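Written below as structure tokens is the structure these notes are about.
The values are calculated or read from the model by the stated rules, or taken from the named source; none is laboratory data. Keep in mind that what you see is a predicted model, and the values were worked out from it rather than measured. Backbone-built Cβ (ideal geometry, glycine too); neighbour counts: all protein chains shown. With ligands, DNA and RNA removed, areas are computed over all heavy atoms of the protein, side chains included. Shrake-Rupley method; radii C 1.70, N 1.55, O 1.52, S 1.80 Å.
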Amino acid sequence: DLEEGHVQNPEVERAKLRRQPYEALRKNYTVQQCVRLKLEHFFLENWGVLLFLLITAICLTLLGTLAFDPLSWEAWMAFAIVALTLASLIKGSLPTEVSMLAGVTAMLAFFIITPQQALTGFSSTGVATVVVLFMTSEGITRTSLLRPVLRFLMGKPRSLLEAQLRLVIPTACISGFLNDTPVVAMLIPFVMAWSRSIGISVSKLLMPMNIAALLGGTCTLIGTSTNLVVVGLATTYNIIDPKTGQPITFPIFGITPLGVPYCAIGILYIVIASPWILKDRRGAVEDVIKNPREYTVAVMVTDNSPLIGDTILRAGLRGLEGLFLVE
């Protein structure tokens with residue numbers, strides 16, 4: 001019996017049992033025990049999301065009863081769908097696009113929004129521009145067009161300060177004209193290799209690079225998708241400039257006078273504060289295997305895996321293309 005401790009280490013064994021499929025548990029335990037184990041597993045794995053949903057439900061209930069006028073069932077259903085969508089995004093079990101599409105589909109199914117409203121975002125100029133920028137950035141990433149330029153600009157710095165300045169300034173400039181997300185994705189492998197060649201911990205370079213990309217994206221209209229979405233909304237709702245009485249327009253460098261000082265202050269803070277804020281995360285393992293996070297992967301074989309009992313050759317783990325089984 002599970003409760004009477006027929007196992008040598010009850011806590012460890014119970015954790016292993018919780019991860020097993022229901023069908024495997026059913027062979028040795030009763031339905032009640034199986035259900036209890038799976039419920040324990042569900043709550044332990046999702047307690048953060050459940051807590052978020054509970055707090056959200058309490059806040060919405062208080063707002064709905066104390067602050068708002070009486071709400072219809074459609075409004076409450078919309079709140080519930082938004083909360084569940086946010087919970088799915090927090091959990092990360094589903095891809096972002098799947099979670100968002102499921103939320104829109106649920107809104108459609110309960111007639112909270114019309115099909116025209118559901119498809120409005122796809123016809124937005126801002127969204128279309130973001131798609132084009134992602135395609136452009138992906139093309140630049142695949143062709144490694146910026147690699148020679150970055151290699152020349154970054155060179156061989158002699159100190160952490162010089163390395164960060166050589167990294168963050170070009171990153172901010174590039175992300176002003178390309179979407180910041182693909183810029184960061186393109187730079188990560190280059191920066192990791194560069195950090196090894198100059199002997200500086202990559203933990204002191206990646207975060208400044210990411211922040212510089214975000215700051216640089218605020219200097220132009222096309223630097224970040226947020227700006228494009230805001231412009232699309234302003235155009236859709238025909239927002240009028242109170243000074244001129246004309247619809248608000250956003251030239252590509254319209255926010256540059258505000259963005260550049262903001263970016264410069266942020267970069268100055270990065271290079272001054274990062275030596276104290278960012279820790280050197282080089283571990284002892286890196287003395288034996290350089291950059292293990294990039295080159296090694298640990299895989300856990302579960303108790304019900306079909307690989308159990310097979311040889312390495314029969315399991316198909318010998319002669320893997322681009323991989324080598326260490327142990």
Given the conditions (1) open to solvent by less than 90 Å² (accessible area, probe 1.4 Å); (2) part of a helix (DSSP H, G or I), and given that Ile265 satisfies all but one, which numbered condition is not satisfied? (1)
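Residue-by-condition table, conditions (1) of a type in the set (Lys, Arg); (2) buried (at least 17 other Cβ atoms within 10 Å of the Cβ); (3) within 29 Å of Ile222 (Cα to Cα); (4) in contact with a Leu (Cβ under 7 Å, 6 or more places away or on another chain):
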residue	(1), (2), (3), (4)
Arg151	yes, no, yes, no
Ser159	no, no, no, no
Ala163	no, yes, yes, yes
Asn179	no, yes, yes, yes
Trp194	no, yes, yes, no
Ser197	no, no, no, no
Out of the residues in the range 163-201 meeting the condition of being within 22 Å of the chain's Cα centre (by Cα) and among the β-branched types (Val, Ile, Thr), tell me which one is modelled with the lowest pLDDT. Thr181
Name, by its number, the condition in (1) in a helix (DSSP H, G or I); (2) over 19 Å from Pro251 (Cα atoms) that does not hold for Lys156. (1)
Any chance the range 210-220 includes a residue that's surrounded by 17 or more Cβ atoms within 10 Å (Cβ to Cβ), within 22 Å of the chain's Cα centre (by Cα), within 17 Å of Glu162 (Cβ to Cβ) and not hydroxyl-bearing (Ser, Thr, Tyr)? yes
Give the range 85-121 a look and list any residue that's open to solvent by 90 Å² or more (accessible area, probe 1.4 Å) and touching a residue at least 40 places away in the same chain (Cβ under 8 Å), or say none. Ile90
If you check every pair at least six apart or on different chains, which have Cβ atoms under 9 Å apart with a residue in the range 152-173 that is basic (Lys, Arg) first and a residue that is part of a helix (DSSP H, G or I) and surrounded by fewer than 23 Cβ atoms within 10 Å (Cβ to Cβ) second? Lys156/Ser197; Lys156/Ile198; Arg158/Ile198; Arg166/Leu153; Arg166/Met154
If a residue has to be surrounded by 11 or more Cβ atoms within 10 Å (Cβ to Cβ), farther than 30 Å from Leu17 by Cβ, among the charged types (D, E, K, R) and at pLDDT 65 or above to count, how many in the range 278-327 make the cut? 3
